[in-house]
Each structure stands twice: as structure tokens, then as C-alpha cells.
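Report on one structure; see the data block that follows.
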Amino acid sequence: MKHLLALLTLVVVALPALADGLPPSVLAALKAAQIPAGSVAVVVQPVDARAPLVAHNSQKAMNPASVMKLVTTYAALDLLGPAYTWKTAALADSAAVDGVLSGNLYLRGSGDPRFSIEHLWGLLRQLRVRGVRHIGGDVVLDRAVFNVPAIDPGAFDDKPMRPYNVGPDGLLINFRALRFTLLPGTGRPQVLMETPSEGLRVDNQLRSGEGGCGSNWKDFINVRLIPENNGNRLEFSGTYSAQCGEKPLNLAPLSADAHAAGLIRVLWQELGGTLAGQVRGGTTPAGARPLAEHESPALADAVRDINKWSNNVMARQVFLTLGNANGPASAERSRQRIGDWLNGRGLGFVELVIDNGSGLSRSERISADSLNRLLLDAWKNPVMPEFVSSLPIVGIDGTMKKRLKESGATGRAHIKTGTLDGVKTAAGYALDAQGRRMAVTFLINDPRAAAGGPAIDALINWVAQRRTGEKAPVLENE
């Protein structure tokens, strides 16, 4: 009798998952986008239930795009703690005498994912407040906390100056990005350089474009870095429509050392300081004495920025920080730590492939079932509030701000999105019509994936409108 009851229980629990159904609205949206059901994977499961309501292609290993950030950020919150911080330090060979450091100044990075221009200014100002006005040696940039090879920023999509292609850096300064503002002009558009950089000159060859301002306005602008004897020239050419109005443009045209040097020299000079030597890479000697320090905001704040706005650079920094437990971090050490952590939580994902932890990768893989299990586990974790609140709110903020506005799902779901060529994904939590919380995962890997947004929105809407007791229809002839 006990064996019979156990078997019946197993059958009852398994039935919803075996139904392999998709709601009609989702099927209709997939059909309109010409995306076959075999190219998608979907799981919907109440966080308080033992089995999913919908489980379609759930075991299939797929590219998750930026939804992979859920793995990285949940691991970081659980392993490091929401209050974890990074510390960037300024050290010297010896004490300053009458305002003069006779040796080098060392800036030692910790992998801080958001060490901005304001934070650099604050660290340098600490030196001035402590009486340092002249550095007789070099400013040495210590990135040794990360042991990672340099990457080709144009290798992923042939857009090497886009800031999302910047590689990880133990001393990442301002995302290695320069901010420009574009303005329509009476003759030609204006290019304003908002971020200072000594030795970089803007050469504006832009022309006024005709027609409207589409979402791809950046594609009509060409930017080229031209080395010169006294620095670098950044040439802007192409067209910019007057209908675009004022637009920000963030670019990463310089190497890590050149970017840091341009900022440090300008800021140090503005603070009234002087520098005799160069700004270069290197390591901090063991005997260097600390002079000043910047402590970052808490990890929970960084995770919020990563997930709300899908920040790839920050995600890669946090991913590598996980591998920095006993020496310089590497991608392999981070992968191992995440793997051990998952296994320790009973979440051994056999199909999991982590490249850089950000989802900006062609090789990363995970199944919808594994993502669903991760979401269910996170819901029961003490870091759940920080994790869930980091996800974009449907129709309200982040990457979901403009989706499902004024729908039944507005404000009722926290969803992380992901997009690559041939990939469209989403995962997170949504409330149904009776306030029951659901874990939701939707992965699309198909040449027409870019058209799959309405199908994902249809699923979120279906969950938001669903009432307890309703069942998902069976999908036939998958």
C-alpha cells in the first residue's frame, strides 16, 4: 500500500510538468513571429509548489543571454553577502615630505565594478587633503587582483568602442568609458566631450541627417581613434538627425592605461597637484604604505545596477570577484566556485556552461529547468529581498520599463531580460491574479528570436491574469 501511495503521489506531482503546455496567447505570438515551438523553452512554477504548471522543452540546454546574470548575482549575494564592498587604495613608497612624494604613487584596484570618475576624484582629493601636492615618481596602476588576459573588444560584434564590450579590469575606472553629448546645430551637429581626458581631441566631421531619429541612430555615426604626436584625435563622421535632439553617447575608445592616464592627469591638475612621471601599469611593492582609500557601495547596490540595466561590465567584475578568494581571480576559479556553490545547494546543473558570467557570450548555456530551480532556491534564501528587488519591474523600470505598460502585468512582475542575435530570453517572478507568486522562465534560441518579445510578454500577461485552478493547455505536435 505504501508503494502504491508513493507511486500515485509521484504521478500527481509529475502530471503538470508532463502536460508540456503553452497558453494559446503565447502560441499565437510565436506563430506570428514565425518561431517554432521547438526553439523555445518555458517553465512556470508557483514558488510554493512542488511541480511546474508549464514545462516545455525544460531540459534543453540553451543560450540564456543576459539572463545568465541571475546565476552570477545570486551566487555573489549568497557567497559574499549583500554588504560586501570593494576597496581601492592609494599607497606610496614613502611618506610625503613638505607635500612631495619622492617616489611612486600606487593605485591598487580591488575589482570594484563601479569605480567612477567621482570616486577617483574623491580618492585623489584625499591625497591633497593629506598634504600631497607633487608626485615625483610615476602613478602605477595595480590590476593584479584579476589574472585575466586582454580581450579584443571588437571580437564579439565588431563594435570595439561600445562600452558593453569592455573587458574586466582589476582597476576599472569609470567603466573605461567617455561620455559625449550630441546636439543638433545650425550647420553641423555639435559633439560635447563631457568626460575629461588629457591628450584626447575631438574632431567633429558629423553632418546633419535627414529624416527621423530611429532607435538605431548610433549606427549612422562613425568614430575613429587617430594617434598623433601630442595625443590622440577622436574623429566623428557620418550623420546625426536634428530630430534626435540631445542624446548621450558613451564610448570606450582608449586602452585601459591611456584612459586612466587621461583622467588622472586632468583630475590631479584640477586639484592643484603636479606629476613628474608617467601613468603606467605595474604592481604595488610589499612595503608600500597606505595613504588613502575608497570603499565602494555595497554589493546589493551593484547587483541592482547589473540586473536592472543589464550591465555586462559590472557583471563580469562581480563574476571574477567570486574567484578572488585565495589569490588573483581568474575565470576558471570563478566557474569552479560557482559550480561548487550550486552543488552544495543541491543545484548541480549538468548542462551549465559559464563563460564570463554576464551572458555576453555565444557559448554560455543553461536549461529553463535549471533557471527555474535557481529561482525557486533564491526565493527561500535569506538574500531573496535583495535578489528580487534587483530585477526590472514590468512596465516600471530597468529593461522592462517600456514593456507591458498599462497592462494587467504592470508592476506585478520582476523580470530579467536578455538579448543577443538569435537569442531572446526572460526570467524572474510574477504574481498571478490571486497574488500567488510564480517563477517564470522563457528562453528563445532561433534566427527570428528578435521578434519573440510579444510571446514573452504574452506569457507574463497569462501568469498575471491566471487564477488558481486553471491549467495550461496541452501543446500538441511540438
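The values are calculated or read from the model by the stated rules, or taken from the named source; none is laboratory data. From a predicted model like this one, the values you see are computed outputs, not experimental measurements. Cβ: placed from backbone, ideal geometry, glycine included. Neighbour counts: every protein chain shown.
Considering only segment 245-255, I want to know if a residue exists there that is in a strand (DSSP E or B), farther than 29 Å from LYS380 by Cα, in contact with a Cys (Cβ under 9 Å, 6 or more places away or on another chain) and at pLDDT 95 or above. The answer is yes; a qualifying residue exists.
Go over the candidates LEU101, LEU123, LEU127 one by one and state the one that is at pLDDT 95 or above, more than 21 Å from the chain's Cα centre (by Cα) and under 16 Å from ASN174 (Cα atoms). One residue alone meets the criteria, LEU123.
Before we move on, is LYS405 more than 14 Å from VAL303 (Cα to Cα), assigned by TED's automatic domain parsing to the domain that holds ILE35 and of a type in the set (Lys, Arg)? Let's see the steps before the verdict.
Numbers: more than 14 Å from VAL303 (Cα to Cα): yes; assigned by TED's automatic domain parsing to the domain that holds ILE35: yes; of a type in the set (Lys, Arg): yes.
Judged against the criteria, LYS405 is a match.
Within segment 406-421, one or more residues are under 16 Å from the mean Cα position of the chain (by Cα), over 14 Å from ILE456 (Cα atoms) and among the hydrophobic types (A, V, I, L, M, F, W, C).
Which one is modelled with the lowest pLDDT, of the residues in segment 142-195 that are among the hydroxyl-bearing types (Ser, Thr, Tyr) and crowded, with 17+ Cβ neighbours inside 10 Å? Even if it seems obvious, please write down each step before you answer.
Within segment 142-195, the subset among the hydroxyl-bearing types (Ser, Thr, Tyr) is 164, 181, 186, 195.
Still in the list and also crowded, with 17+ Cβ neighbours inside 10 Å: 164, 195.
Values: TYR164: 94, THR195: 97.
If we take residues in segment 142-195 being among the hydroxyl-bearing types (Ser, Thr, Tyr) and crowded, with 17+ Cβ neighbours inside 10 Å, then TYR164 is modelled with the lowest pLDDT.
Among residues of segment 330-344 that are part of a helix (DSSP H, G or I), none has a Cβ under 6 angstrom from a residue that is of a type in the set (A, V, I, L, M) and modelled with pLDDT under 95 at a sequence gap of 6+ or on a separate chain.
Within segment 254-272, residues that are closer than 19 Å to GLY99 by Cα and crowded, with 21+ Cβ neighbours inside 10 Å sit with their Cβ atoms under 9 Å from residues that are among the hydroxyl-bearing types (Ser, Thr, Tyr) and at pLDDT 95 or above, at 6+ positions apart or across chains, in these pairs: TRP268/THR274. When residues in segment 362-387 are screened for being under 18 Å from ALA76 (Cβ atoms), under 17 Å from the mean Cα position of the chain (by Cα) and part of a loop (DSSP other than H, G, I, E, B), 1 of them pass. In this entry, ARG224 passes the filter for residues that are closer than 22 Å to ASN165 by Cβ and part of a strand (DSSP E or B).
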